[in-house]
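What follows is a single structure, written as structure tokens, with notes after it.
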Amino acid sequence: MSKLPLFDSHAHVEGVDFDQDREAVLKECGEVLEGMINPGFDRDSSLKAMDLAHRYPFVYAAVGWHPEEVGRSTDQDIVALEAWCQDPKVVAIGEIGLDYYNDENAPHDLQKKRLTQQLALAKKVNLPVLIHDREAHGDLLEILQTAGQGVVGIMHCYSGSLEMAKVLLKLGWYFGFGGATTFKNSKKAREVLTWLPEDRIVFETDSPYMTPVPFRGTRNKPIYTELIARNAALLRGVEAIDLMAASTRNLKKLCTKIV
């Protein structure tokens, strides 16, 4: 079977959910997909993502501090990211952003500080970013338009409005779509997915979370990116293989270290 011209742009395969069968899941991914990006969310997960990227040619890493985890971070942790960004398999900074839903241990001011620091680093090392945004659309957009001016990346699992998407599109951003777009009640994400120009779309699983139909309720895995892309093609009225190829071109244009 030939590989699909498709990348999973966001999958957390380094975590405990894959401890029992990680090798098999990655073997399957390498047989079906062109590649995947594994983002970190703190120090340990970023280091694990880098290790996987060096052991599997089709795996790439992103490094960063997720907003839910910033309560455990220090300024020195942000400094450490810069050295990791020099690694040839580190193609982005992420997963970073704002989360005002799971914020018990992550004060909003600290979230905004760490996001601003990591955006500054992205600008310094000339890497794109992978942005997490949950119930923080207004503050996030303000930061991206000010401190983040000149930085671009992927709005991971985009959940904002069409109006916000139009602003981000003008700023040069790309949009990641995952399993939620296969849910019929996910009207907002499906509306944006249908409206966006093809050259700003990438696909992702966010494994092990957000499993697409018809496997919703089970653990997600990278090969399900195919289901997400095929559903998107149906929504947009285009050939699935063409949309897959376009999404991979988009990812490689953004993440220039992917070969």
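The values are calculated or read from the model by the stated rules, or taken from the named source; none is laboratory data. All figures in this text were calculated on a predicted structure; none of them were measured in a lab. Here the Cβ is made from the backbone with ideal geometry for all residues, glycine too, and neighbour counts use every protein chain on show. The area values use the complete protein model at the heavy-atom level, side chains included, leaving out ligands, DNA and RNA. Shrake-Rupley method; radii C 1.70, N 1.55, O 1.52, S 1.80 Å.
Checked against the criterion of being open to solvent by 50 Å² or more (accessible area, probe 1.4 Å) and touching a residue at least 60 places away in the same chain (Cβ under 8 Å), the candidates 23, 34 yield just one match: 34.
A single entry from 156, 132 fulfils the requirement of being open to solvent by 20 Å² or more (accessible area, probe 1.4 Å), within 23 Å of residue 248 (Cα to Cα), modelled with pLDDT of 95 or more and in contact with a strand residue (DSSP E or B) (Cβ under 8 Å, 6 or more places away or on another chain): 132. Taking the stretch 173-206 as the range and being under 17 Å from residue 129 (Cβ atoms) and either touching a residue at least 60 places away in the same chain (Cβ under 8 Å) or open to solvent by 20 Å² or more (accessible area, probe 1.4 Å) (or both) as the test, the residues that pass are 174, 176, 200, 202, 204, 206.
I'm checking my understanding of the structure. Among residues of the stretch 30-60 that are among the hydrophobic types (A, V, I, L, M, F, W, C) and within 15 Å of the chain's Cα centre (by Cα), which one is nearest to residue 92 (Cα to Cα)? In this case the residue turns out to be 37.
Among the residues of the stretch 70-80, those that are touching a residue at least 24 places away in the same chain (Cβ under 8 Å) and surrounded by fewer than 23 Cβ atoms within 10 Å (Cβ to Cβ) comprise 71, 72, 73, 75, 77, 78, 80.
Against the conditions (1) closer than 15 Å to residue 219 by Cα; (2) open to solvent by 20 Å² or more (accessible area, probe 1.4 Å), residue 3 satisfies every one except (1). Is it the case, given these coordinates, that residue 142 is within 18 Å of the chain's Cα centre (by Cα), among the acidic types (Asp, Glu) and closer than 21 Å to residue 102 by Cβ? So residue 142 fails the test.
Looking at the stretch 79-97, is at least one residue within 20 Å of residue 144 (Cβ to Cβ), touching a His at 6+ places or on another chain (Cβ under 6 Å) and modelled with pLDDT of 95 or more? Scanning the stretch 79-97, I find at least one residue that is within 20 Å of residue 144 (Cβ to Cβ), touching a His at 6+ places or on another chain (Cβ under 6 Å) and modelled with pLDDT of 95 or more, so the answer is yes. Entry remark, the stretch 159-171: residues being open to solvent by 20 Å² or more (accessible area, probe 1.4 Å) and not in a helix (DSSP H, G or I) number 2 in total.
Might you let me know whether the stretch 114-125 holds any residue that is assigned to a helix (DSSP H, G or I) and hydroxyl-bearing (Ser, Thr, Tyr)? Scanning the stretch 114-125 turns up at least one residue that is assigned to a helix (DSSP H, G or I) and hydroxyl-bearing (Ser, Thr, Tyr).
The number of residues in the stretch 211-246 that are closer than 22 Å to residue 132 by Cβ, buried (at least 16 other Cβ atoms within 10 Å of the Cβ) and over 13 Å from the mean Cα position of the chain (by Cα) comes to 8.
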